[in-house]
Amino acid sequence: MSSPASKGRPARRVVTLALVGMTLLALCAVTFRLRLDPNVASLLPDQGEAAALRRYVRGFGGGDLAVVLVQGPDPATNTNVAAEIAAELGKRPSVAHAADRIDTSRALDPMLVFRHADPRAMERLRGALTPEGMRARLAESRAMLLAPGSGSVAELLAADPLRLGQLAYEGADIGSGVRTQPDGAFATDDGKAHLVLAEPRGQALRGEDARRFVEDAEAVLAPLRAAHPEMQLGLTGGHAIAAATEAMLTRDLSISSTLAMVLASLVFALIFRRVRALVAVMPPLLLGTVWTAAVAAALPRGLSGIAVAFMSVVVGVGVDTGVHVYAALLEARRAGLEPREAARVARAKTARGVLFAAGTAAAAFGALAFSSIEAMQQLGLLCAAGEVLTAVAIVLVTPEVGALLEKKPPPPPAPVRWTDAFAWLSGTRRRAALLASVALLPVGAVFLGAAPGLSESIVAVRPKELEPLKVQQAVFDAFGGKRGQWVVLVADRDLERARARGDRLAETLSAMKDDVEAVDALTALAPAKETQEARLAARDALDLSAKANELEKALVETGFAPARFAGALDAMRAPTRDLVQIENLRKSTASILLSRYLGMDDGEHLVALYVRPREVPGATARVEEALRRADPRAMLTGYARLEVVLRQSLSQDLPKIAGVAAVLVVAALAMSLRRARDVVIAAIVVLCEIAAVLLLVRILGIPLHAYDALVLPVLLGITVDEGMFLLYRAREVAGAPDVEHDVIRETLRDEGPPVAATALTTATGFAALALCRFDGLRDLGLVGALGSVAGLVVALVVVPAGLRLWRA
């Protein structure tokens, strides 16, 4: 007759093989498919202006210009170094083009400057072509020729005596976004800062392409930094930002997950006082974490910045299950059961409770699926999966390993004294009432308006410690740029139609001088065909042949010889109608600027305009209304507007997620505890905890934004365990026969250490994120750690007080 142990061997063998197979498949998935997604689009809501910003990031983030900032005390050295960087970058396989200047050697036919003239420039040109305007302009030209060192000016004036090109471009209301010097260099007026623009090959949002470009760029910059220690050479742009973001996320993931494992093990060992238990708990915890990482590897676009937190959270929260399972195993061994039987009893006793608790926490994490931010959806999915998978792994593996470790009867549990302090606080009804009142104070304070306000969310999207963003700010500082720029996005399946719409918007905005400080648009370089034809038609309506005759007279009257200007006069009598072609522009040095304005997304051509409104009352509303009237289909977005959008997203997401999490937690409490008193006490624990966390966030100055604020409702599911397990144990202690005891004191002595271990290991998982350089992850970790510790303290205070005041 076979023994129970022999009957269980085939089942254990099947389970073992299944675990090994799952783990091997998971390891393959993690090794070959898990990748980090540096795309900021996953951190943005999928609705409203943020959806437009997602389109902008997808359409332009892939082919963004790279910028090298060259700064030094000597202008001549800066010029030479910038030229050398451009030349060397252009030789690199990851770079399509690189330039430190544009070609200004060929002057534009003055009759063609009309095609680039915005409405105000057109008025200036008309004025210059009047008899009075001609004579005034020619008088200025004569003065320029008589000035010392004017030899180089003579040839330019021979082709354009009225300097129409100067009128068209100087003081233009629509710029091309790049400051150049007369020699075409991208430099400041004092020459102490130069820019080198590069067009990288490949996509910035494709990690391999971004890394390859940055490696090539750094290979060029490194020897120059060594040769010129007095200079600062910085790299920014889409590829540099993407590569730096990926490197930051990789660092944060490895450090936070490792630290979470170490801290959770340390807390477990200190509170549990049985180091060998780690051998039984950590391997299945690692199994569950690897399985969860395999789920992350299946994400189609990779793991986003905020979702990187899943590893630390899963490690911290997953230890909870191991605490309860191993405690039950030790209890069974102390009761005299053999190791195998103790393992079976421990599994049978704890499986339902810990899996139910894991399911409750997973459901709370799952509520993040209602967020409009993809990264938060990812975080919720992975943490929910991790909760369940680690719990399953621990329930299956820990009892078996524990049976091997605990062949000898374990020593009696070490006496616990610290819980007696909490028992004393609620030792009488008077003290219990006072304690309950103190615990409820944060609730009243929050209700009266003491909750923290929302902080800026933009730091979670564009981390302030990212080096390319620091370089970007240095570019703004050196070249007089400002943050606060809006993006107007036009999408159309026809490129020419999209460009024409963009031109009309640019002209509309440029006319609003009181409300708009600057407009940067493609039309300054290459207006659409429709725009050019309209402007040339307006030019031809001026009767340039007659204007040429008037100019010939004016030349004589101001002392010039008309024969010297025969070419200019002939051009006026038979003006050309050549149009700027995008294809030709792509072959010139100006091609490097095109990727700033033209992109593709979802089969549509995108044209971007960059607008900076003035900081005057009502300007924002007037600009928005003007855009709606000019082109209702145009999309208004930009990082400068993102803060408002993220706050709106949070105001919509938080009630939904909190409502779902609250319903799930209350339902779980009702099904699990099945007593009105216990359900109410557990609910009060969670309510007081959330209120306490809000107050601590305000007191400690932790930023609360669209990313870490969504952790608050999740805490409902994570920290409800402490109150539930204390109430469970109180019920068991109260029902024990033939024992005279203080139920509350015995409950805290028996369940206090495991509850403290589970809460503190969860807190360490979140706290490990505090070392992350990604601001959103760091803030999320601090809020989660505070919530876990607050949940423990509140549970140890409110549950005993509630049991004392509300006797069954």
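The values are calculated or read from the model by the stated rules, or taken from the named source; none is laboratory data. Because the structure is predicted, anything quoted here is derived from the model rather than measured. In this analysis, Cβ positions are derived from the backbone assuming ideal geometry, glycine residues included, and neighbour counts consider all displayed protein chains. Keep in mind that these areas ignore ligands, DNA and RNA; they rest on the heavy atoms of the full protein, side chains included. Shrake-Rupley method; radii C 1.70, N 1.55, O 1.52, S 1.80 Å.
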(message) Can you give me the distance in nm between label points at residue 615 and residue 47, each placed 7 Å from the Cα along the Cα-to-Cβ direction?
(response) 3.2
(message) What does the charge count around residue 285 come to, taking other residues whose C-beta lies under 13 Å from its C-beta (Lys +1, Arg +1, Asp -1, Glu -1)?
(response) -2
(message) Let me see the P(r) profile for the range 462-566: every Cα-Cα distance counted, bins of 5 Å, each bin given as a percent of all pairs.
(response) 2, 9, 12, 12, 11, 11, 12, 10, 8, 6, 3, 2, 1
(request) Show me 559-567, 665-673, 470-478 ranked by packing, highest mean number of other Cβ atoms within 10 Å first. (result) 665-673, 470-478, 559-567
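Given the C-alpha atoms of the range 303-461, compute the convex hull and give its volume per residue in Å³. Please list the in-between numbers first.
Details: hull volume 27.7 nm³, N = 159.
Per-residue hull volume (Cα only) is 174 Å³.
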(request) Arrange the residues 708, 160 by how much accessible surface each exposes, largest first, with a 1.4 angstrom probe. (result) 160, 708
(message) Straight-line reach from residue 192: which aspartates and glutamates fall under 19 Å, measuring Cα to Cα and dropping same-chain residues less than 8 apart?
(response) 74, 84, 100, 183, 230, 477
(message) How far apart, in nanometres, would the label points at residue 581 and residue 430 be if each is projected 7 angstrom from Cα along the Cα-to-Cβ direction?
(response) 9.7
(message) What does the net charge come to around residue 771 if you take all other residues with beta carbon closer than 9 Å to its beta carbon, with K and R at +1 and D and E at -1?
(response) +1
(message) Between the range 505-555 and the range 114-134, what is the separation of their alpha carbon centroids in Å?
(response) 8
(message) I want the local charge near residue 224. Using Cβ-Cβ distances under 15 Å, sum +1 for each Lys or Arg and -1 for each Asp or Glu among the other residues.
(response) -4
(request) Determine which lysines satisfy two conditions relative to residue 464: a Cα distance under 17 Å, and not lying fewer than 8 residues away in the same chain. (result) 482
(message) I'd like the accessible area for residue 728: 1.4 Å probe, protein heavy atoms, all chains in place, Å² to the nearest 10.
(response) 60
(request) Could you calculate, for the range 562-683, the ratio of the Cα radius of gyration to the Kirkwood radius, expressed as Rg to Rh? (result) 1.37
(request) Based solely on C-alpha atoms, express the radius of gyration and the Dmax of the chain in angstrom. (result) 35.1, 128
(request) Taking only protein heavy atoms into account and a 1.4 Å probe, give the accessible area per residue of the chain in Å². (result) 42
(request) Return the whole-Å distance between the Cα centroid of the range 395-447 and the Cα centroid of the range 225-296. (result) 31
(request) Identify all lysines with a Cα-Cα distance to residue 349 below 27 Å; exclude those on the same chain that are fewer than 8 residues away in sequence. (result) 7, 407, 408
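Would you rank 547, 349, 407 by solvent-accessible area, highest first, keeping every protein chain in place and using a 1.4 Å probe?
407, 349, 547
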(request) Give the angle, between 0 and 90 degrees and rounded to the nearest 10, that separates the Cα long axis of helix 495-510 from the longest principal axis of the Cα atoms of the chain. (result) 80
(request) Could you state the angle between the C-alpha long axis of helix 676-700 and the longest principal axis of the C-alpha atoms of the chain, as a value from 0 to 90 degrees rounded to the nearest 10? (result) 40
(request) Report, as a whole number in µm² per second, the diffusion coefficient that Stokes-Einstein gives for the range 655-808 at 20 °C and 1.002 mPa s using the Kirkwood radius over alpha carbon pairs. (result) 133
(request) Sort 543, 252 by accessible area with a 1.4 Å probe, largest first. (result) 543, 252
(request) Return the calculated 222 nm mean residue ellipticity for the chain, to the nearest 500 deg cm²/dmol, obtained by summing -39500 (n - 2.57) across DSSP H runs with n ≥ 4 and dividing by the residue count. (result) -21500 deg cm²/dmol
(request) On a 0 to 90° scale, report how tilted helix 711-735 is relative to the longest principal axis of the chain, with both axes built from alpha carbons and the result rounded to the nearest 10. (result) 0
(request) Enter the Cα centre distance for the pair the range 341-380 and the range 733-795, rounded to the nearest angstrom. (result) 16
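Quick check: at a probe of 1.4 Å, how many percent of the accessible area of the chain sits on carbon and sulfur atoms?
60
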(message) For a quick check: with amide H placed at 1.01 Å from N, whose amide H comes under 5 Å from residue 237's, ignoring anything fewer than 5 positions away on the same chain?
(response) 67
